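Everything on this sheet refers to the single structure shown next.
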Amino acid sequence: MDYDVTIGIPVYKSADYISRALDSALAQTYSSIEFLIVDDAGHDGSIDVVQSIKETHPRGDNIHMITHKENLGVAASRNEIIDNAQGEFLYFMDSDDAIAENTIELMMQNVRRYDAEIIFGSYKKIETSGKKEIYQYPALQLLNKDELASFAYRKYAGIQASACNYLVKTSILRDNNHRFIDASFWEDMVFTFDLVTLISRVVLLPNITYSYYCRENSLSNYQQREIISKNEILNNVRAINYLKQSSSHLCDKVYFPHRCYNIVMTDFYIACNILKRRNNICPPITNREIKSFMIHPVSWTQICSFRQSRLKNLLLYILGKLPSFLCVLLIMCIGKLKKLI
C-alpha cells in the first residue's frame, strides 16, 4: 500500500457542499492519506470545485479521481473506492459532511495501540434548522472475535447505520469480498450491519470526529417531502430482505437471536413510517404489502431454540403471521404507544 489511509468520497450533485467536505479532509493532521474522489456524473460543477482544489492545495497531488460516464449510484462508487484505494485503511465520508482535523490521527493512534481492524468515531447530526444531536459511543475496546457483533446487535440501533466515520482495514473488505449492495437507499446500513460480523479487534471512540449535515432534499429526509415514492420504500425493504437472506450462515453465533430481532424491528419501524405518512406515498401501499414486510428470517422452531431474545422474536414472528388487517392494526397501536405514529 502506498498510503496508510484512503479517504473515499463519492461525489454527486454536491457543488454547494463539496468544498467544505474536501477542505476538512485535506486539513487532517495525519500525513499519509490518499484522497480518492469518485465523480458519479452529477454534471453540476462539483468536480470543477474538486479540480480547482486539487490544482491549488498543497496536498493536491494526493487527490486521485475516478470518473463515471453516467450516474451509477453511491453503492457502485463506494465499491470502486474499495477496489482502487491505495491505503492500508479506508475511511468513507459523504460529499456534504465534514470531519474534525484530528480524525485520522486519532484513529490511527488507536489502530497502532490496539492492533485494531476498525475504529468507530462518535458524531453529531446537524439539521437544516441548526438543531444538533450528539451520537456518542463509550470509550471501549472489543478485542475478541464476535464481540463487536454482540455489541452492535445487543439493542436496536446499537451501532451506526452509516458507512461513514469509521476506519477499517482495506484487506478485510477485499479478502471477504465485502461490497455495497446495489440499492439506492440503506446500502450503507446493510454494509455496516454485515461488516461487524467480520471484525475481531475494534475500538469505539467517544470523540466527535464527524459532522453529518441533514439536507432537506436528501433521500434520507422523509419529513420534508410531500410525495414519497412507493418504489423508494420498496428499495428500503429490499435492503432489509438482503440482511434476512444473509443471516442463515450465522445461525450458530451467540449474537444471532439479537441480529434477527434487529432486522425485523427495522421492518417494524419502516411499517410505522409508512403508516405515519401513508397519504404521502404514491402509489399507495396496501395492508397485504405491509404485512409481507414483517416476515421473520427464521422459523418458529428455530426461535424456540433461542437462548436470548426468544420472546421478542416470537412476538414479531406472530405479528407477521396475522391476517393483513390485524397485523397492520397492531403495528398502528404499538407505533402510537411508542410515539412512532
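Among the residues of the range 314-324, not a single one is touching a Lys or Arg at 6+ places or on another chain (Cβ under 6 Å) and among the β-branched types (Val, Ile, Thr).
Scanning the range 300-331 for residues being open to solvent by 50 Å² or more (accessible area, probe 1.4 Å) and not in a helix (DSSP H, G or I) gives a total of 4.
Looking across 297, 257, one residue alone is crowded, with 18+ Cβ neighbours inside 10 Å, outside any loop (DSSP other than H, G, I, E, B) and under 22 Å from the mean Cα position of the chain (by Cα). It is 257.
Considered as a group, the residues in the range 137-151 that are touching a strand residue (DSSP E or B) at 6+ places or on another chain (Cβ under 7 Å) and open to solvent by 30 Å² or more (accessible area, probe 1.4 Å) include one that is nearest to residue 199 (Cα to Cα), and that residue is 141. Are any residues in the range 332-341 touching a Leu at 6+ places or on another chain (Cβ under 6 Å) and outside any helix (DSSP H, G or I), and if so, which ones? Correct list: 341 only. The residues in the range 84-124 that are touching a residue at least 60 places away in the same chain (Cβ under 8 Å) and within 23 Å of residue 46 (Cα to Cα) can be counted, and the count is 13.
Of the set (1) under 16 Å from residue 157 (Cβ atoms); (2) modelled with pLDDT of 95 or more; (3) assigned to a loop (DSSP other than H, G, I, E, B), all apply to residue 195 but (3). Taken together, the residues in the range 1-38 that are among the charged types (D, E, K, R), modelled with pLDDT under 95 and crowded, with 18+ Cβ neighbours inside 10 Å amount to 1. The set of residues from the range 83-108 being out of contact with any strand residue (DSSP E or B) (no Cβ under 7 Å at 6 or more places or on another chain) and either crowded, with 22+ Cβ neighbours inside 10 Å or more than 28 Å from residue 206 (Cα to Cα) (or both) comprises 83, 94. Among the residues making up the range 159-169, those that are open to solvent by less than 10 Å² (accessible area, probe 1.4 Å) and either touching a Phe, Trp or Tyr at 6+ places or on another chain (Cβ under 6 Å) or not in a strand (DSSP E or B) (or both) are 163, 164, 165, 166, 167. Evaluating residue 194 against the criteria (1) farther than 27 Å from residue 102 by Cα; (2) touching a strand residue (DSSP E or B) at 6+ places or on another chain (Cβ under 9 Å) leaves one unmet condition, (2). Within the range 94-101, identify whether any single residue is touching a Ser or Thr at 6+ places or on another chain (Cβ under 9 Å) and more than 30 Å from residue 152 (Cα to Cα), and answer yes or no. Within the range 94-101, not a single residue is touching a Ser or Thr at 6+ places or on another chain (Cβ under 9 Å) and more than 30 Å from residue 152 (Cα to Cα). Just one residue in the set 290, 285, 270 is hydrophobic (A, V, I, L, M, F, W, C), part of a loop (DSSP other than H, G, I, E, B) and within 17 Å of residue 340 (Cβ to Cβ); that residue is 285. In summary, helices (runs of 4 or more DSSP H) completely within the range 1-98 and bearing 2 or more residues that are farther than 28 Å from residue 195 by Cα occur at 18-26, 46-56.
Of all residues assigned to the range 115-126, at least one qualifies as being modelled with pLDDT under 95, aliphatic (A, V, I, L, M) and either open to solvent by 30 Å² or more (accessible area, probe 1.4 Å) or not in a loop (DSSP other than H, G, I, E, B) (or both).
For residue 54, are the conditions met, namely being at pLDDT below 95, more than 23 Å from the chain's Cα centre (by Cα) and at negative phi? It is false that residue 54 is at pLDDT below 95, more than 23 Å from the chain's Cα centre (by Cα) and at negative phi. Screening residue 134 with (1) open to solvent by 20 Å² or more (accessible area, probe 1.4 Å); (2) aliphatic (A, V, I, L, M); (3) closer than 22 Å to residue 258 by Cβ; (4) in contact with a strand residue (DSSP E or B) (Cβ under 9 Å, 6 or more places away or on another chain) gives one miss only, at (3). State all residues of the range 181-204 that are open to solvent by 10 Å² or more (accessible area, probe 1.4 Å) and more than 10 Å from the chain's Cα centre (by Cα); if no residue qualifies, say none. Scanning the range 181-204 gives 181, 182, 183, 184, 194, 197, 198, 200, 201.
The values are calculated or read from the model by the stated rules, or taken from the named source; none is laboratory data. None of these values were measured; they are calculated from a predicted model. FYI the Cβ positions are ideal-geometry reconstructions off the backbone, even for glycines, and counts take in every protein chain you see. Note: areas computed on protein heavy atoms with side chains; ligands, DNA, RNA excluded. Shrake-Rupley method; radii C 1.70, N 1.55, O 1.52, S 1.80 Å.
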